[in-house]
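K.L.:
Let me give you the structure first, and then I'll get to my questions.
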There are 4 protein chains.
Amino acid sequence: MSKTKIALLGAGFIADIHMESYHRFVPEAEVVAVYTRNPERAEAFARKHHIARWFTDLDKAIAESDCEVVDVCVPNLLHHRAVVAAAKAGKHVIIEKPLSLTLEEADEMIAACKAANVKLMYAEELCFAPKYERVRLLAHEGAFGKIYLLKQSEKHSGPHSDWFYDVNQSGGGVIMDMGCHALAWFRWMLGGNPRAVSVLAHLQTGLLHPGRTRGEENSIILVEFEGGVIGIAEDSWAKPGGMDDCAEVYGTGGVCYADLFQGNAALTYSDRGYGYAMEKAGSTKGWTFTVFEEAFNQGYPQELKHFIECVREDKQPLVTGEDGRAVLELIYAAYHSAGTGRKVTLPFHAKVAKPIDLWLD
Amino acid sequence: MSKTKIALLGAGFIADIHMESYHRFVPEAEVVAVYTRNPERAEAFARKHHIARWFTDLDKAIAESDCEVVDVCVPNLLHHRAVVAAAKAGKHVIIEKPLSLTLEEADEMIAACKAANVKLMYAEELCFAPKYERVRLLAHEGAFGKIYLLKQSEKHSGPHSDWFYDVNQSGGGVIMDMGCHALAWFRWMLGGNPRAVSVLAHLQTGLLHPGRTRGEENSIILVEFEGGVIGIAEDSWAKPGGMDDCAEVYGTGGVCYADLFQGNAALTYSDRGYGYAMEKAGSTKGWTFTVFEEAFNQGYPQELKHFIECVREDKQPLVTGEDGRAVLELIYAAYHSAGTGRKVTLPFHAKVAKPIDLWLD
Amino acid sequence: MSKTKIALLGAGFIADIHMESYHRFVPEAEVVAVYTRNPERAEAFARKHHIARWFTDLDKAIAESDCEVVDVCVPNLLHHRAVVAAAKAGKHVIIEKPLSLTLEEADEMIAACKAANVKLMYAEELCFAPKYERVRLLAHEGAFGKIYLLKQSEKHSGPHSDWFYDVNQSGGGVIMDMGCHALAWFRWMLGGNPRAVSVLAHLQTGLLHPGRTRGEENSIILVEFEGGVIGIAEDSWAKPGGMDDCAEVYGTGGVCYADLFQGNAALTYSDRGYGYAMEKAGSTKGWTFTVFEEAFNQGYPQELKHFIECVREDKQPLVTGEDGRAVLELIYAAYHSAGTGRKVTLPFHAKVAKPIDLWLD
Amino acid sequence: MSKTKIALLGAGFIADIHMESYHRFVPEAEVVAVYTRNPERAEAFARKHHIARWFTDLDKAIAESDCEVVDVCVPNLLHHRAVVAAAKAGKHVIIEKPLSLTLEEADEMIAACKAANVKLMYAEELCFAPKYERVRLLAHEGAFGKIYLLKQSEKHSGPHSDWFYDVNQSGGGVIMDMGCHALAWFRWMLGGNPRAVSVLAHLQTGLLHPGRTRGEENSIILVEFEGGVIGIAEDSWAKPGGMDDCAEVYGTGGVCYADLFQGNAALTYSDRGYGYAMEKAGSTKGWTFTVFEEAFNQGYPQELKHFIECVREDKQPLVTGEDGRAVLELIYAAYHSAGTGRKVTLPFHAKVAKPIDLWLD
């Protein structure tokens, strides 16, 4: 069977990670085209990653690249546009989180893919991160007894690209960037499309990026699921010192602490510093946590390999657009809870241009 | 100056810790009497700790022991009775957390001590734990920039004594036992009697002790302070594997993680097991975190030494009954938030027989 | 280019790891045959790993399997036989550590492969373990200033297979099993085929396996290299509690601590235990270090992928039979040092049937 | 009983630690005099520590201070002089490590104290460090089965005072400064005045302090005890990044890892840095290990409290001059082993002006 051809939309941070993942771990796939608006950027990205063709027109990238799969790594506000275009062109879709800016967009994207009989694969890599997967298996092995509390946390000092900070492009702050990971992971850990009962949230802004964004910089979200299990998502754009990605599981019969960065690192002291310690690390002088194989340990290659396998063998992906929509609904509820100071029950719906409006207004 | 004489009320787990602290670290004090209801228990405790006299009558213990200080380590529902009796007898008071079952009791205890011109010293040992104190000093040194998030957590598999599980004696579950530590510590870290703005809480029960207690077994409390700093208290009676006591500080210029148990331990593997690893450890076979100097590392000796010094030199204690009352008010707000699913603003007051009624009713 | 065909000799613990590595990470290779003496074992291994053919005759496995590469995972005393047979049949060779039982065998194996113009690839996976490779890169980035001390350590409670314990089959004890890793890694870290000046060693036996083996169970080897850098290898078959694989680097400008097992693990507590924590873990009740992707983190897939690439593209492998011989010479010197209580200078040669004879006699 | 009066000889780094220990933890003792050669330094030290009298004449400090105990914290080459003077004056002696520069001096010091019927108390604080003591108790509880390997290590970037670097004043390099701790600790852990059988050592110099000292900067010492247990002492003056003080225990039934600095620390990240992280830490920008109660965790107060109790109650100290002499003999053997490249058997004696001569010559 020949390689599965992919058109990659986007040439930023995440697109780089996807390319490294495909190159090193998914030889049955081939990225045949990349799209981004700026021609110099598109050409440079194509050259760096040995991609045959580059485009500055999204529709042409989908139509003329002879791809089977469109991998969407563009800013949030373009997710809907890109996915619907790909579905109409009969292409399978890999869509990076968060799914979209609104529930309406989410429903249209799911419908468009269903109508076109193409897969809508939601790229939540935490569902594939090997350490977290080992923990999930521990839970299924009964290691923890009855689980009553899950915690997941991602913290760093803020993303690089400007669009994250413009809530009209991103839809919100750190929740739209990283909180969505935790919300997806809670659902994944519990399994069986668990029913969320309510959401409580508290947000802070004006911490490390005052004036740069209206988005929340630190978020605490508490989701209660049917049966009483709760998930606490802690996310921050205001944490110096490098990236943090941790999970904890508490059950009546056991507990588990899993740390993807510091918990995998070599501990280094260097007077003069060196090249690269980890994502968002800052200086490498003094003590640092030196990580390795970041993409592999976060689950990106495993996720993409799974998605390509689903395309090649026409299998149901483990994480779909429906999962992305469920996460977006929790995000809506979180912003609403933060805005009202109340617990918000599920199901929840509201008509907004972007999720953060439920907090800002 | 001769030794300061202390009458110890109570002969349980905390009373043991106080005795070890006095014996090893506070030679300027002498416990001259112990009280507990059961005579065999009182006599055994006195013999074990070389205390000259033992009583089964609380008032006699206060009146006839020739003490200057009464150290109150009895169950929560007896705090009010013991403190008022001590104040009326003109004795300084060391009162273990939580201050009392109701705000009314708290106000009466504060008033009684004020009227008698005796010190009411609230025994929150986390304000003295050496590692946490080093962290607080780091904050004052400006190591973290502008602090926006504090976290403090205590978790184990449940206390030993039965009275904890009877909400009529304890006033509630894990919040009354351990959540109060975090609430006090947040106020201590921020300093200057900080104003709490609101409280959000979520509680769970029926986890590890179903049928044994109506009290909450796992609690998440989020306190917002003036200026936007939040404190998150996580406390559990349903965590197997030994005691956990951790704090985290997040600021725009730095972060800090402090762990009093695992973070101080020797890491041990033993096929056959051994005597004692740490509080609530369970089995010592396999891997364990072996701690040492638990009382010293939790701050008990330092706290008691400070209180005795305040008595001897007539100084203002660092932690007073007013601090205990402020904590109790936060506890009230937490139960109310959990009961209503709403953020509760401060100041808050309600008339209840015990704090947990705000959640159970 | 079609897949590179491999005949795997051996069906034990390491052979399993090689198979997992090929299947998951080296799609350009295909194991077409497996050999082991016992037919039931050979058939079961072939079925489990989907290998087309199985053999109980080593020469036939090499000759009739249509392989290009022979991957030698048999007990040490058979290394020479297998490698020479493969070379004579014109097959490239992957040879697991240690290279052979004697320096004479080593020289013959190297010569045979050279004469046949086939590659002799020494499978020292620590040269590919991603965390250790990151550390080596740190050294090259100048993070440590002038390195003066390297430490590498592997410890567990003893291997499974009986042949390890029979020094006539293994050649020695824990040095032949695990000390060889450290000795190879020191040379790899320093780079440029560094000249070892002397070796000091101390061995212990009769610890956890008295009566089962004459081999050393705990070894300390100190190698001094030209320029004064020393490497300390600590290896043990008498360490309960799971596998340990650590390295440390000390330089005048920095230090680094890298731990492949506990340092990558999730920390788990489970009352009832669960399936698998890590290699040689024993019970999974209580606290355990739960690892994941063990083969990947130890470097096996990366190593094998590199070797296959060298075959496919006719490139020089990073680790060769000459490296294996250099390690064996250090091993000889170590046993001799332990036997005489003296530092042994390099180069060193002696005529023995197996390395441990230099200590036992 | 009135306070035990102490004359402190020395006003350097260790003298400061002793003073903090006495003040905070040994109220039954009172330092009534301090001696150092420089009058400004003596006066400043006395003022800082509230010591009644200061001297620049050692004999007068002993004779005129009305002390009962002389605490010797002067440079190594003055140990003999100070101890003999104190003994002749009928004073009990606390002597900091290492005992003396030569075995002859050691024998004279022991004899002088015996003749004067005063205690010669060897201040090896690791015998009192609470974490290490917990580990020793674990060993006695049988947690480890049969112990076969002990490791102890102290590393930093070099002491402050110049005299350490002058081998004529110090007697050697890092072994005389820190290796002596490990050698004493091995004997203490095994208990019962264990018989050392042989010593192997390897030394390095010219690492971080080339040109400043002829002393060894990095030392590896392997001691074999009767019964086969070995102790490995690793000590360094060339390790940047702060102080390291660790011990490991390996037995057939268990293992233990104990770390006194990083293993007790709070983990801090600070962009701007702060005051003090730990001994020899260097910069506090970036990540640091923030320690607390360093003196308490290293065992200094507990050790001094024990010594004063022995004086007050006329009891035999746990660590004596004989222990110091045994350590010095091991140090001699270590230097001789490093110099000859041979294992050195015990008992060992040689006539040298200072121990390092056995290596340098």
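K.L.:
Collect residues whose amide H, placed 1.01 Å from N in the peptide plane, falls under 5 Å from the amide H of residue D:342; neighbours closer than 5 in sequence don't count.
P.N.:
Here the answer is C:343, since their amide H atoms fall under 5 Å of that of residue D:342.
K.L.:
Count neighbours as other Cβ atoms within 10 Å of each site's Cβ, and list the chymotrypsin sites (Phe, Trp or Tyr not before Pro) in the stretch B:253-361 that are DSSP loop with at most 16 such neighbours. Could the numbers behind the result be given before it?
P.N.:
Values: sites: B:257, B:261, B:269, B:274, B:276, B:287, B:289, B:292, B:296, B:307, B:332, B:335, B:348, B:359; in loops: B:261, B:274, B:276, B:292, B:348.
Hits after loop and neighbour filter: B:276.
K.L.:
Report, in whole Å, the centroid distance computed from the Cα atoms of the stretch C:141-196 and the stretch A:245-318.
P.N.:
28
K.L.:
Placing unit charges on C-beta atoms (Lys and Arg positive, Asp and Glu negative, everything else neutral), compute the dipole magnitude of chain A about its Cα centre in debye, rounded to 20. Walk me through the intermediate numbers first.
P.N.:
Values: 37 positive and 48 negative charges, 15 e Å.
It comes to approximately 80 debye.
K.L.:
Give me the three principal axis extents of the stretch C:198-261 from the C-alpha atoms, as integers in angstrom, largest value leading.
P.N.:
Principal-axis extents of the stretch C:198-261 (Cα, largest first): 46, 30, 10 Å.
K.L.:
Compute the distance in nm between two label points, each set 7 Å from the Cα along the Cα-to-Cβ direction, one at residue D:318 and one at residue A:104.
P.N.:
Taking the two extended label points, one gets 7.5 nm.
K.L.:
Hey, which of these cross-link pairs are over 24 Å Cα-Cα: B:151/C:285; C:146/D:97; B:97/B:131; C:97/C:131?
P.N.:
Values: B:151/C:285 30 Å; C:146/D:97 31 Å; B:97/B:131 20 Å; C:97/C:131 20 Å.
Long pairs (Cα-Cα over 24 Å): B:151/C:285; C:146/D:97.
K.L.:
Treating only the Cβ of Lys, Arg, Asp and Glu as charged (+1, +1, -1, -1), what charge dipole size does the stretch A:128-261 show about its Cα centre? Round to the nearest 20 debye. Please list the in-between numbers first.
P.N.:
On the way: 11 positive and 16 negative charges, 52 e Å.
Dipole of the stretch A:128-261, to the nearest 20 debye: 240 debye.
K.L.:
Before anything else, pin down the relative contact order of the stretch C:96-232: Cα pairs under 8 Å, at least 6 apart, normalised by residue count, whole percent.
P.N.:
Dividing the mean separation by the residue count of the stretch C:96-232 yields 24 percent.
K.L.:
Could you grab the relative contact order for the stretch D:247-335? Cα pairs under 8 Å, six or more apart, rounded to a whole percent. It would help to have the intermediate numbers written out before the result.
P.N.:
Details: 75 pairs, mean separation 15.8, N = 89.
Reported relative contact order: 18 percent.
K.L.:
For a quick check, take a GNM of chain A with Cα springs below 10 Å and name the residue from A:129, A:106, A:266 with the largest mean-square fluctuation.
P.N.:
Looking only at A:129, A:106, A:266, the largest GNM fluctuation is found for A:266.
K.L.:
Sticking with this structure for a sec: For peptide A:203-209, how many partner chain Cβ atoms fall within 10 Å of a residue's Cβ, on average? Show your work: numbers first, answer last.
P.N.:
Working: counts 1, 6, 2, 4, 9, 6, 1.
Average neighbour count from other chains, rounded to a whole number: 4.
K.L.:
Next question. With each run of n ≥ 4 DSSP H residues scored as -39500 (n - 2.57), what mean residue ellipticity at 222 nm is computed for chain C after dividing by its residue count and rounding to the nearest 500 deg cm²/dmol? All intermediate terms of the calculation are to be shown ahead of the outcome.
P.N.:
Details: 12 runs with 123 residues, N = 361.
Using -39500 (n - 2.57) per qualifying helix, the result is -10000 deg cm²/dmol.
K.L.:
Follow-up question, since we're still on this one. Do me a favour and compute the ellipsoid semi-axes for chain A from its Cα gyration tensor, root of five times each eigenvalue, largest one first, whole Å. Intermediate values should be presented prior to the final figure.
P.N.:
Numbers: eigenvalues 171, 125, 96 Å².
The three semi-axes for chain A are 29, 25, 22 Å.
K.L.:
What do you get for GluC sites (Glu not before Pro) in the stretch B:160-229 restricted to DSSP loop and a cutoff of at most 16 other Cβ within 10 Å of the site's Cβ?
P.N.:
Working: sites: B:216, B:217, B:224, B:226; in loops: B:216, B:217, B:226.
Passing both the DSSP loop test and the Cβ count: B:226.
K.L.:
For the protein assembly as shown, what does the convex hull of the Cα positions come to per residue, in cubic angstrom?
P.N.:
177
K.L.:
If you average over every viewing direction, what projected area does the convex hull of the Cα atoms of the stretch D:79-178 give, in nm²?
P.N.:
Average projection, Cα convex hull of the stretch D:79-178: 8.6 nm².
K.L.:
Taking N as the number of residues in the stretch D:1-98, what value does Rg over Cα atoms divided by 2.2 N^0.38 Å take? Mind dumping the intermediate values first?
P.N.:
On the way: Rg = 11.9 Å, N = 98, 2.2 N^0.38 = 12.6 Å.
With N residues counted in the stretch D:1-98, Rg over 2.2 N^0.38 Å equals 0.95.
K.L.:
Also, I was wondering about something else. Order of C:47, A:53 from fewest to most other C-beta atoms within 10 Å? Present the calculation step by step, with values, prior to reporting the outcome.
P.N.:
Numbers: C:47 10, A:53 18.
Final ranking by Cβ density, sparse to dense: C:47, A:53.
K.L.:
Based on Cα coordinates alone, diagonalise the gyration tensor for the stretch A:1-57, multiply each eigenvalue by 5, take square roots, and list the semi-axes in whole Å, largest first.
P.N.:
Working: eigenvalues 71, 28, 15 Å².
Three semi-axes, in Å: 19, 12, 9.
K.L.:
Roughly how many nanometres apart are two label points built 7 Å out from the Cα toward the Cβ at residue D:64 and residue A:283?
P.N.:
Going by the 7 Å Cα→Cβ label model, 5.1 nm.
K.L.:
Counting Lys and Arg as +1 and Asp and Glu as -1, what is the net charge of the other residues whose Cβ lies under 11 Å from the Cβ of residue A:183? Show your work: numbers first, answer last.
P.N.:
Numbers: positive: A:97, A:187; negative: A:124, A:235, A:323, A:329.
Once positives and negatives cancel, what remains is -2.
K.L.:
Still on this structure, I have one more. At a 10 Å Cβ-Cβ cut-off, how would you order B:150, A:8, fewest neighbours first? Numbers along the way, then the final one.
P.N.:
On the way: B:150 24, A:8 30.
Ascending number of Cβ neighbours within 10 Å: B:150, A:8.
K.L.:
Convex hull volume of the Cα atoms in the stretch B:177-222, per residue, in Å³?
P.N.:
On the way: hull volume 3.5 nm³, N = 46.
Hull volume over Cα atoms, normalised by residue count, gives 76 Å³.
K.L.:
Let me ask something else. Based on the Cβ-Cβ distance of residue B:212 and residue D:44, what FRET efficiency does E = 1/(1 + (r/R0)^6) give at R0 = 60 Å, to the nearest 0.05?
P.N.:
Numbers: r = 62 Å, r/R0 = 1.04.
Once the sixth-power term is evaluated, E becomes 0.45.
K.L.:
Given an 8 Å cut-off on Cα distances and at least 6 residues of separation, report the relative contact order of chain A as a percent.
P.N.:
Values: 803 pairs, mean separation 68.4, N = 361.
About 19 percent, as a whole number.
K.L.:
For a label point 7 angstrom out from the Cα of residue A:114 toward its Cβ, which stretches of the stretch A:74-89 have the backbone nitrogen within less than 19 Å?
P.N.:
A:80-81, A:83-89
K.L.:
In the neighborhood of residue D:212, defined by Cβ-to-Cβ distances under 15 Å, what is the net charge if each Lys or Arg adds +1 and each Asp or Glu adds -1? Write down the numbers at each step before the final one.
P.N.:
Values: positive: D:214; negative: D:162, D:166, D:177, D:216, D:217.
Taking every Cβ under 15 Å from that of residue D:212, the sum is -4.
K.L.:
Share of antiparallel DSSP beta bridges in the protein assembly as shown, in percent to the nearest 5?
P.N.:
On the way: 168 of 280 bridges.
The antiparallel fraction comes to roughly 60 percent.
K.L.:
Under a 10 Å cutoff between Cα atoms, tell me which one of C:221, C:62, C:147 has the largest fluctuation in the Gaussian network model of chain C.
P.N.:
For chain C, modelled as a Gaussian network with Cα springs under 10 Å, the answer is C:147.
K.L.:
Could you please rank A:141, D:154, placing first whichever residue has the fewest other Cβ atoms within 10 Å of its Cβ?
P.N.:
On the way: A:141 15, D:154 25.
The fewest-first ordering by Cβ neighbours comes to A:141, D:154.
K.L.:
Sticking with this structure for a sec: Which distance in nm do the two modelled labels at residue C:162 and residue A:351 give, with both placed 7 Å along the Cα-to-Cβ direction?
P.N.:
8.0
K.L.:
Loop-only GluC sites (Glu not before Pro) in the stretch A:1-98, please: DSSP not H, G, I, E or B, and at most 16 other Cβ atoms within 10 Å.
P.N.:
On the way: sites: A:20, A:28, A:30, A:40, A:43, A:64, A:68, A:96; in loops: A:28, A:68.
Taking the stretch A:1-98 and a limit of 16 other Cβ atoms within 10 Å, the loop GluC sites (Glu not before Pro) found are A:28.
K.L.:
Using the crude model of +1 on Lys and Arg Cβ and -1 on Asp and Glu Cβ, and no other charge, please compute the dipole size for the protein assembly as shown relative to its Cα centre, in debye to 20.
P.N.:
Working: 148 positive and 192 negative charges, 0 e Å.
It comes to approximately 0 debye.
K.L.:
Cross-link candidates for residue D:48: which lysines have Cα within less than 20 Å, leaving aside residues fewer than 8 places away along the same chain?
P.N.:
Straight-line reach from residue D:48, under 20 Å: D:5.
K.L.:
Taking beta carbons within 10 Å but only from partner chains, what does the mean come to for residues B:133-143?
P.N.:
Details: counts 2, 9, 4, 0, 5, 10, 1, 2, 7, 5, 13.
Rounded to a whole number, the mean comes out at 5.
Here, each number is a calculation from the coordinates, and none is a lab measurement. Since this is a predicted model, take the numbers as computed values, not measurements. Glycine also receives a Cβ, built like all others from the backbone with ideal geometry; neighbour counts cover every protein chain displayed.
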